[in-house]
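Here the structure is laid out as structure tokens; the discussion comes afterwards.
Every number here is computed from the coordinates shown, using simple stated rules; none is lab data. No experiment lies behind these values; they were computed from the predicted model shown. Note that we place each Cβ from the backbone using ideal geometry, even for glycine, and neighbour counts take in every protein chain shown.
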Amino acid sequence: MAPNLIKIAPSILSADFSRLGDEVRAIDQAGCDWVHVDVMDGHFVPNISIGPLIVEAIRPVTQKPLDVHLMIAPVDPYIEAFARAGADIISIHAEAGPHLDRSLQAIKALGKKAGAVLNPATPMSALQHVIDKLDLILIMSVNPGFGGQAFIPEAIAKVEQAKALIGDRPIEIEVDGGVDSTNAGALAKAGATALVAGSAVYKGNDATTYAPRIKAIRDAAMVG
């Protein structure tokens with residue numbers, strides 16, 4: 001995918017939850033492509049965030065795709081609830097259940113796009129045998145569980161590996177964790193098609209800054 005088609009997906013994990021609807025509207029109006037929703041269970045990752053009710057609450061606020069990243073294990077019991085709540089893309093970790101293939105089939109059967117997530121230590125080979133069931137590969141460039149972490153540079157090589165595995169299949173390559181205008185170019189050049197940005201967009205929670213921050217990341221990716 002050409003760099004000028006890069007998608008920017010601000011993570012609402014960094015939003016002001018006391019006015020979440022307004023924060024979602026603000027990134028929509030600021031030019032985001034997707035709204036990234038980080039779901040943490042306090043078990044698979046060391047934090048607890050939100051559940052299906054929040055997804056349902058923000059669904060009417062934007063027409064942009066809701067890009068829901070489930071950091072839940074076991075994940076299977078919750079897939080349908082997030083699908084019903086209004087998720088458009090549901091991404092699950094390779095380690096989040098005993099049968100990744102079956103879990104991805106369940107997402108697709110609910111009419112949603114299916115993504116698989118690789119932690120920093122999870123090899124690309126984990127997706128080799130499910131690649132034809134994927135709409136998205138989400139590469140973690142931090143260890144999941146907290147916002148505001150530093151970008152792990154090895155993620156760039158992993159993006160290149162994902163691109164090689166995908167070949168000519170229409171699969172998005174998304175990167176999540178510490179993404180900003182300083183690394184967006186390298187990620188896009190390596191093959192990333194979607195970038196998650198939390199604090200790089202929402203830091204300070206001043207809606208007037210969201211559009212220039214999204215533009216800065218997009219412009220940097222286009223240079224890539």
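Some observations on this one:
- Value of Rg to Rh for segment 146-224, rounded to two decimals, is 1.00; Kirkwood radius and Rg both from alpha-carbon coordinates.
- Anisotropy class of segment 32-75 from Cα gyration tensor, a/c 1.5 cut: prolate
- Only the Cβ atoms of Lys and Arg (+1) and of Asp and Glu (-1) were treated as charged; on that basis the dipole of the chain about its Cα centre amounts to roughly 300 debye.
- The calculated FRET efficiency for the pair E160 and Q63, based on their C-beta separation and a Förster distance of 30 Å, comes to about 0.35.
- Simple spin-label estimate for N143 and H129 gives 2.8 nm between the two label positions (7 Å along the Cα-to-Cβ direction from each Cα).
- For the chain, modelled as a GNM whose springs connect Cα atoms under 10 angstrom apart, the maximal fluctuation among D206, D176, D33 occurs at D206.
- Given the chain, longest segment not containing exposed loop GluC sites (Glu not before Pro) (DSSP; at most 16 other Cβ within 10 Å): 1-94
- Three-way shape label, segment 1-57, alpha-carbon gyration tensor, a/c 1.5: oblate
- On full extension, the segment bounded by K215 and D76 gains 46.4 nm, given 0.36 nm per residue less the C-alpha separation.
- Counting only DSSP H runs of at least 4 residues, each contributing -39500 (n - 2.57), and dividing by the residue count of the chain, the helix-based mean residue ellipticity at 222 nm comes to -9500 deg cm²/dmol.
- Label point of E95 set 7 angstrom out along Cα-Cβ; within segment 110-140, amide nitrogens under 12 Å from it belong to 118-123.
- Stretch gain in nm, segment Q105-M222, where the contour uses 0.36 nm per residue and the Cα spacing is subtracted: 38.7 nm
- Antiparallel bridges, percent of DSSP beta bridges restricted to the chain (to nearest 5): 5 percent
- Entry for P(r) over Cα pairs in 10 Å bins from 0, in percent (calculated from the structure that is shown) out of [x] 8, 31, 35, 19, 6, 1, 0; [y] 8, 33, 39, 18, 2, 0; [z] 9, 37, 40, 14, 0: [z]
- Projected label points at I48 and D88, each 7 Å from Cα along the beta carbon direction, are separated by 3.1 nanometres.
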